[in-house]
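> What follows is a structure written as structure tokens; I'll ask about it next.
The values are calculated or read from the model by the stated rules, or taken from the named source; none is laboratory data. Since this is a predicted model, take the numbers as computed values, not measurements. Cβ sites come from the backbone with ideal geometry, for glycine too, and all protein chains shown count toward neighbours. What goes into the accessible areas is simple: the full protein's heavy atoms, side chains included, and nothing from ligands, DNA or RNA. Shrake-Rupley method; radii C 1.70, N 1.55, O 1.52, S 1.80 Å.
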Amino acid sequence: ALAQSTTKPEPRSPDGKRYLAQPLVTKIYVADPSAHVFNGKIYVYPSHDVDAGIPDDDLGNQYAMHDYRVLSMDRPGGPVTIHPVAIDVKQIPWASKQTWAPDAAYKNGTYYLYMPARDKQGVFRIGVATSKSPTGPFKAEAQPIRGSYSIDPAVFTDTTGESYMYFGGIWGGQLQRWSKGSFDPNAGDTDLKQDDRPALSPKVARMSADMKQFAEPPRDVQIVDEAGKPLLGGDHDRRFFEAAWMFKRAGKYYFTYSTGDTHFLAYAIGDNPYGPFRYTGHILSPVQGWTSHHSIVQFQNRWWLFYHDTQLSNKNHLRSAKMTELTFNPDGTIRLIDPFKK
Ligand code: FUB
């Protein structure tokens, strides 16, 4: 008789490629994974994707999430715990819907969960909720952060102890509607269609001592090319779209982000938290699925990229978080990761 193999065939993408990594969890869909090391463990703060039956559009209405779940693991590759609901949109007084990509921070015994969502007028704002536990439950502040807008908060705490929020996203994230300083509902659903002008910039603001407000008005994060000139709006392979994430390594500040409609994760390097940041390269080639959104964290002495794809669903709005090791060249540049095996 022929010997039968008991090993399962390796999962493949619809076009036959083998995935570099497997989903961290399979019981729920989670995306936009913001990873942090708290008390020697890895905690991941993702979006919790659900199927609301809404068709895909440029504004991302299909991303109809309404609560957050936290994941944790003792070490990379270890078992992953899915914690109970950390907070639901019904418990965020100012929010109406679309609890998109969150981030978290810790200071003086309190954990902070930063959450973008549409307010009751349909405008994206960023709010904060607090807990004494890294996994929640979190209690939301009554109002969003004053002066906040758009999506995808990433809160970075520098070695000085100061924290900074990076944020913004174009298209569904509405950043293009704020280009004149106040919300313009007629500014369009995508970008400003000004390909020869500087691209829309992500924003950065230092956080107040209590981590609940901006300590200063948000400023532009400048991403410049080799000649020190701002990247242009038409430079879709390199310009900022959404998913800001900051980390510091060997004294350099790495501003990382998604290029959105060209589906890359990219990075730019600066000498301080405000930039300017010099565009340096891509981090991750396009994954399966439209969005790409990540975080980068050091655990002991190795660095890890958390990202997502649509391996389990093959639907843009039902994503699974994954992780893989990120490595650097001796000059500090990042080695490009292919989400598929050769
Ligand atoms: O998950 C909803 C949105 O999709 C995020 O806010 C974006 O970064 C993109 O991943």
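> Farthest toward the dipole's positive end in the chain, which of Ser179, Pro84, Tyr274, given Cβ charges of +1 (Lys, Arg) and -1 (Asp, Glu) about the Cα centre?
It is Pro84.
> Might you tell me the accessible area per residue for segment 235-342, computed with a 1.4 Å probe and given in Å²?
35 Å²
> Also, I was wondering about something else. List, in order, the whole-Hz ³J(HN,Hα) value for each residue of segment 292-300 obtained from phi through the Karplus relation with A = 6.51, B = -1.76, C = 1.60 and θ = phi - 60°; use x for Gly and Pro.
Here the 3J(HN,Hα) series is 9, 7, 8, 8, 9, 9, 8, 10, 6 Hz.
> How much length is gained if the chain between Gln298 and Lys229 is pulled fully straight, taking 0.36 nm per residue apart and subtracting their Cα-Cα distance, in nm to one decimal?
Going from the current span to full extension adds 21.7 nm.
> OK, next. Give, rounded to the nearest 20 debye, the magnitude of the charge dipole that the chain has about its Cα centre when Lys and Arg contribute +1 at Cβ and Asp and Glu contribute -1 at Cβ.
Values: 39 positive and 36 negative charges, 175 e Å.
With Lys and Arg at +1 and Asp and Glu at -1, about 840 debye.
> Using the heavy atoms of the protein chains alone and a 1.4 angstrom probe, what is the accessible area of segment 1-122 per residue in square angstrom? Write down the numbers at each step before the final one.
Values: 6010 Å² over 122 residues.
Value returned for segment 1-122: 49 Å² of accessible area per residue.
> Summing Lys, Arg as +1 and Asp, Glu as -1, what charge do residues with Cβ under 13 Å from the Cβ of Pro144 carry, Pro144 excluded?
Value of the local net charge: +3.
> Here is a follow-up. Which residue fluctuates most in the GNM of the chain (Cα springs below 10 Å): Thr256, Thr99, Thr327?
Thr327
> Can you tell me how much longer the chain between Thr160 and Asn329 gets when fully stretched, taken as 0.36 nm per residue apart minus their C-alpha distance, in nm with one decimal? Display every interim value, and only then the final one.
Working: separation 169, 0.36 × 169 = 60.84 nm, distance 2.63 nm.
That works out to 58.2 nm of additional length.
> Could you give the size of the charge dipole of segment 155-259 about its Cα centre, using +1 on the Cβ of each K and R and -1 on the Cβ of each D and E, expressed in debye and rounded to the nearest 20? Intermediate values should be presented prior to the final figure.
Values: 14 positive and 15 negative charges, 47 e Å.
In debye, rounded to 20, segment 155-259 gives about 220.
> Something else about it: For the chain, with a Gaussian network of springs between Cα atoms less than 10 Å apart, report the residue from Gln222, Gln300, Gln194 with the top mean-square fluctuation.
Maximum fluctuation in the GNM of the chain, among the listed residues, is at Gln300.
> To two decimal places, what compactness ratio does the chain give when its Cα radius of gyration is scaled by 2.2 N^0.38 Å? Walk me through the intermediate numbers first.
Values: Rg = 19.2 Å, N = 342, 2.2 N^0.38 = 20.2 Å.
The chain yields a ratio of 0.95.
> Rounding to the nearest 20 debye, state how big the charge dipole of segment 144-196 is about its Cα centre with +1 on each Lys and Arg Cβ and -1 on each Asp and Glu Cβ.
Dipole of segment 144-196, to the nearest 20 debye: 260 debye.
> Can you list the residues, at least 5 places off or on another chain, whose amide H is less than 5 Å from the amide H of Tyr149, using H built in the peptide plane?
Correct list: Ile126.
> Running Debye on segment 176-317 with equal point scatterers at the Cα sites and no solvent, what base-10 log of I(q)/I(0) appears at q = 0.12, 0.13, 0.14 Å⁻¹?
-0.55, -0.64, -0.75
> Find the centroid of the Cα atoms in segment 277-295 and in segment 231-271, then give the distance between the two in whole Å.
8 Å
> Could you work out how far apart the two model spin labels at Lys97 and Glu141 are, taking each label as a point 7 Å from the Cα in the direction of the beta carbon, and quote it in nm?
My value for the distance between the label points is 2.6 nm.
> Now a separate question. At a 1.4 Å probe, what is the % contribution of carbon and sulfur to the accessible area of the chain? Working shown, then result.
Values: 7350 of 14820 Å².
Ligands and nucleic acids excluded, carbon and sulfur give 50 percent.
> Please check: in the Gaussian network model of the chain (C-alpha springs, under 10 Å), which one of Phe247, Phe156, Phe183 has the largest mean-square fluctuation.
Phe183
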